[in-house]
Amino acid sequence: MRIDYKILWFEDNKASYNTKKDFIKDIVEDFSFNFIEPQNEIDGKNLETLDYANYDLIIADMTLSGGVTAMTLMEAIRKKSIFTEVLFYSSDGEEAVRAELAKHSIDGAYCSGRDNEDFEYKAKEVIRTLIKKTQDLTNMRGLVMAEVSELDHMMEEIIIKYFTDPHGKTIPERESLFKEIMDRFDEDYRNNLKKTDDKCSKKCIHKIRNKSIVEIVSSLFFESYKKARTIDKIIRTEGVDVENFLDNYKKEIIDTRNLLAHCESKKIDGKEVLVTKKGSEEVFDDNKFIDIRRNIIKYHKVFQNLKF
């Protein structure tokens, strides 16, 4: 599961779909996931071609137009060896849904009545349960690594676009800032070389100066913090209202990524904690996971809204 929450929804009553969709959107966002507009199917025309594995949850009315039933849907899903969870609902109530599924020996599905209050309660519990299955430390490490890589890519695109025109030439008005950033980068690069090459002096000439902004920003040495530092300088230069960007990004994104990547997971008093090399402990519970996802979403929006 990534930070986007994707739903496949079978419902042919547009008014009912829109009402229930609002409930689901609030639930998903309360857990700090991005709510993606669901794929809404109104009949069974696409049952054989849908990519069921692409969704985190399937929600379905028990009976759709064209004679599509819960049994029809479950057979189409399971014969492809897809085990995405399904929440069925019906105006006949939860027990009627369970009885119908049992009649056809259908298992691995959740049940709810169509009543909005019943549906909202059951949907929240289903989504909470599914998220709990995915947010152990192993999965969270994978999510954070993937999302930080995506944030890195977004910063790269912003920096490259800011310092180049369509022909790849430095924009004159930004040359001073570009030089300041390159001087700092060159200093960092030289200091890094000194650690492995005693012959490198202050007059050492580096090939890095001959590289394009695209090559520099995309290099492994231009890592997350350097990207964020450059974005911070751009934000300050342009007067963009993002308070204390660099310190907050380091704390909320980079430090979290590093902690998850380099610590050991242990069970202490029934809680899963990360133990650092220095022996300090950090507890990762549901609220911590929600905060991590919330911060990732926050910086996605920050970068998407940077327009120069």
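The values are calculated or read from the model by the stated rules, or taken from the named source; none is laboratory data. Every value quoted in this text rests on a predicted model; they were computed, and no experiment measured them. For neighbour counting, all protein chains shown are included, and Cβ atoms are generated from backbone atoms with ideal geometry for every residue, glycine included. The area values use the complete protein model at the heavy-atom level, side chains included, leaving out ligands, DNA and RNA. Shrake-Rupley method; radii C 1.70, N 1.55, O 1.52, S 1.80 Å.
Just one of the numbered conditions (1) part of a helix (DSSP H, G or I); (2) out of contact with any helix residue (DSSP H, G or I) (no Cβ under 7 Å at 6 or more places or on another chain); (3) at pLDDT below 90 is not true of residue 50: (1). Take residue 131 and tell me if it is within 14 Å of the chain's Cα centre (by Cα), open to solvent by less than 40 Å² (accessible area, probe 1.4 Å) and modelled with pLDDT under 85. The answer is yes for residue 131. Restricting attention to the range 228-253, the residues being in contact (Cβ under 8 Å) with a residue 12 or more places away in the chain and open to solvent by 10 Å² or more (accessible area, probe 1.4 Å) number 10.
Consider the range 189-217 and keep the residues that are modelled with pLDDT of 75 or more and surrounded by fewer than 14 Cβ atoms within 10 Å (Cβ to Cβ). The one that is farthest from residue 152 (Cα to Cα) is 212. Taking the condition at pLDDT 70 or above, outside any helix (DSSP H, G or I), of a type outside the set (Asp, Glu) and open to solvent by 50 Å² or more (accessible area, probe 1.4 Å), does residue 266 pass? Here the answer is yes, as residue 266 does meet what is asked.
Here's the yes/no breakdown for (1) touching a residue at least 12 places away in the same chain (Cβ under 8 Å); (2) over 30 Å from residue 289 (Cβ atoms); (3) aromatic (Phe, Trp, Tyr):
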site: 12; (1), (2), (3): yes, yes, no
site: 23; (1), (2), (3): yes, no, yes
site: 59; (1), (2), (3): yes, no, no
site: 63; (1), (2), (3): yes, yes, no
site: 68; (1), (2), (3): yes, yes, no
site: 79; (1), (2), (3): no, yes, no
site: 82; (1), (2), (3): yes, no, no
site: 97; (1), (2), (3): yes, yes, no
site: 101; (1), (2), (3): yes, yes, no
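Checked against the criterion of being at pLDDT 75 or above, part of a loop (DSSP other than H, G, I, E, B), surrounded by 18 or more Cβ atoms within 10 Å (Cβ to Cβ) and aromatic (Phe, Trp, Tyr), the candidates 289, 222 yield just one match: 222.
Of all residues in the range 153-170, those satisfying the criterion of being open to solvent by 40 Å² or more (accessible area, probe 1.4 Å), at pLDDT below 90 and over 12 Å from residue 234 (Cα atoms) are 165, 166, 167, 168, 169, 170.
Of all residues in the range 292-308, those that are part of a helix (DSSP H, G or I) and modelled with pLDDT of 95 or more have Cβ atoms under 7 Å from Cβ atoms of residues that are surrounded by 17 or more Cβ atoms within 10 Å (Cβ to Cβ) and among the aromatic types (Phe, Trp, Tyr), 6 or more apart or on another chain, in 299/249. Once the range 1-41 is narrowed to residues that are among the β-branched types (Val, Ile, Thr) and crowded, with 18+ Cβ neighbours inside 10 Å, the residue that is nearest to residue 137 (Cα to Cα) is 3. In this structure, residue 173 does satisfy being more than 30 Å from residue 34 (Cβ to Cβ), in a helix (DSSP H, G or I) and modelled with pLDDT under 75.
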